[in-house]
Every structure is written in C-alpha cells, then in structure tokens.
1. What whole-number distance in Å separates the alpha-carbon centres of the range 101-119 and the range 280-344?
2. Nearest 0.05, what FRET efficiency do ALA99 and ALA344 give at R0 = 35 Å with Cβ-Cβ as r?
3. How do the peptides 89-101, 70-82, 106-118 rank, highest first, by the average count of neighbouring beta carbon atoms within 10 Å per residue?
4. What does the C-alpha gyration tensor say about the overall shape of the range 1-41? Classify as rounded when a/c is under 1.5, otherwise prolate if a/b is larger than b/c, or oblate.
5. Under the rule a/c < 1.5 gives rounded, and otherwise a/b versus b/c splits prolate from oblate, where does the range 15-111 land using the Cα gyration tensor?
6. How long is the gain from ILE28 to LEU11 if the chain were fully straight, where each residue apart is worth 0.36 nm and the alpha carbon distance is subtracted?
7. Stretched out fully, how many nm does the piece from THR109 to ARG141 gain, at 0.36 nm a residue minus the Cα gap?
8. What nm distance separates the two modelled labels at GLN57 and SER261, each placed 7 Å from Cα along Cα→Cβ?
Amino acid sequence: MVLALQTVSFLVFGLLAGALADRWNRKITMIWCELGRLVLAASVPVALWLGWLSFGQLCAVAVFSGILSTLFEVANTAALPNVVGADRLTAALGYSQSAANTVRIAGATVAGILYGLGRAVPFVVNAVSYAVSAVSLSLMRADFQQKRTEVRPRLGSVDRRRPAVDRPPSGDPLPDCHRGAGQHSVRRRISADHRARPAPRRDAFPDRPHLQCRRHRQRTGRALACARATEMFPVGRIAIVMLWLEALMFPFYALSPNVLSLGIVAALESVVAPIYTVAMTSYRLSITPDELRGRTTSAVQTVTTGALSLGTLLGSTLIGWIGAATATYFFGGWLAVLAIVTTANRAVRQTVTAPAGEAAPTRS
C-alpha cells in the first residue's frame, strides 16, 4: 500500500510538478525538496522512539515523500543540460544511470544490514543522506536554468529586452506542457513507443533474486557504454535497432530451458534498455527549450508510469489466463508490431542526434 501511494502521488502530481520545476528556481526547489524529505524521514524514528508511530503516519510520509520526490526528479532532469553542458549531456545521463543502478544493487543489502541494527536506523541514515544532498546542492555554482528575457514595451520608444528572473513567461503552465510534448512528431512517435513497450522485467523473476542482481550489475557496467553508442549513431536508428533487438530476444524468455540460458537472455536483453533510455532522454532534452523541459519531462514520465502500471496489471492477467509462455510470445509479437510501425515512420528514420554543444532554443 505504501508503494502504491507513492506511485499514485507521482501520477496525480506529475504534470503540476513539471510546471513548477519550470516556473520556480530549480536549485532552490531541489534543496527544499531534500529538506522536506529529511523531515519526513526523520519523523518516523522520532515517532517510533516516542511510541506514536502508526500505519497512517507511514502512509502520509509515503504520499508527501512521493510528491517531493516527483518534483525533485523532474527539476533534476530539466536542470541537467544546464549543469553539465549540451556537449556532455549524453555522458552525464550514462553516469547517472550507472549510479542509479549501483544504488539499486547495494541499497537492498545496506537496508537489510541497517534494519538489523534497529528498526529506526534505516530512516535515520536516509534523513542524513537528504541533508548531505541538500548541502551539496547549495555548494554547486552552476546555473540550473537559463536566464530568460522578456519584451517590455515602452510608449514612444523601441521595445527593450530586460533580463527576467529565472522563470518562464507567465501563462497557463499545463497547456504549455502539452504543446511542448506534442509539437514534435518524432518526439510523439518515440514517446509512444516507450510507453507501449512491456514493463521492465526487473520484477519478472521474483523467485530468482540472483537473476535480478545479475541484470542490475550488467546494466551498471554497460550504462557508460550507452553514452558512447548514443553519440556515434543517429537517435532514429538507435530507436529502430533497439526495438527490433528487443522484439527478437523477448520470446527467448519462454524458450529458455534452464536458469543459465535464462540468465544469458537477460544479459543480452539488459544491454538494450539503457542505450534506448539514454538516447531518447538525451534527444528529448536537447530539442526542448529550457523553460519547457520540466513540463515535457513530467508529461513523458507521468504517461510512462501510468502505462507501466497498466502493463504490469495486464501482464499478470494474461499470465493467469493463457500462461506465462503464451503471454511472453504475445508481448514479443507486440514488440515486433512496435518495431514495424517505428521503422515505417520516415521522420524517425531520418532523425539524427542533436549536434553536441547546440542548445535548445529559449522563448522570449
């Protein structure tokens, strides 16, 4: 229930979070999010020590942590091109994914050890980690968003451009979000492919944790290579090739006769997702104006999260109806349809990666 509340928080708050991340100062927003999560995490051990901890409090912490985490992640992604520079965006995304996968590998083990020391210890460590993050953010000198200009007409004189505060021009943020996400045909096509793909298989083998751990190690080791592949090949070609590779490999999950062969299939398939993710995210951020990056990011993530939740439910239902093997073949066929449709799209085939160092335009 706690995990479900966090997901619901993201789905409900996602679009608004993108608008706020573009309108507010992203650096200050991220710092306040970390401080808020620090208070929420610290409230659990405090309530535990006082004997006041309840399931209702845990649910409330999950909801508000989900909201703050959503806002933080959107602001973080939107700010990344400004922090690292357009020419290092792809490499930064590769490093970021590698770090995230490393945390996934070590997190469960560390959490178990800390919980063994005491029920409150993991929450205390978590609170300290948020404090460290807030301090490190405050020490960063980079600009998290571009300085924007706005036209201020003056009677009897030529219009002058004056520096504006770090926020986009006033207006309704949510329509801007939909315009930013939908005005580019290739972005619409790639986003549709991304949310139509079957849910990630990190939970596909709940009874075989060693396979999950192996997949995470492989993704961590290969995430940095994804950046190089993204820089070498056009993004349209990457999208098409990755979809075809996934479509061809997916049926082998049902054909694998033993755990070893299943691990080999998982190893090969795990190469695809990081390359696809880094390429698509890098391309989307490079062609989106800075003042719309938060909104487009939140729109894509909100729809993708909803599609993943629906896909998980659909997958479980199909397994119950037609069996695991048949369901696997069904999803393999679905991936093949996506690959065919994407290959037939001329705009995707002709799309190239944005040149390094070329910043997305900013509205006046």
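Read-outs throughout are calculated quantities, based only on the coordinates presented, and are distinct from any laboratory measurement. Remember, it's a predicted structure, so these values are computed and weren't measured experimentally. In this analysis, Cβ positions are derived from the backbone assuming ideal geometry, glycine residues included, and neighbour counts consider all displayed protein chains.
1. Rounded to whole Å, the Cα centres lie 30 Å apart.
2. It comes out at approximately 0.45.
3. The peptides rank, most packed first, as 70-82, 89-101, 106-118.
4. oblate
5. Note, shape of the range 15-111 comes out oblate.
6. 3.8 nm
7. 8.1 nm
8. My value for the distance between the label points is 5.3 nm.
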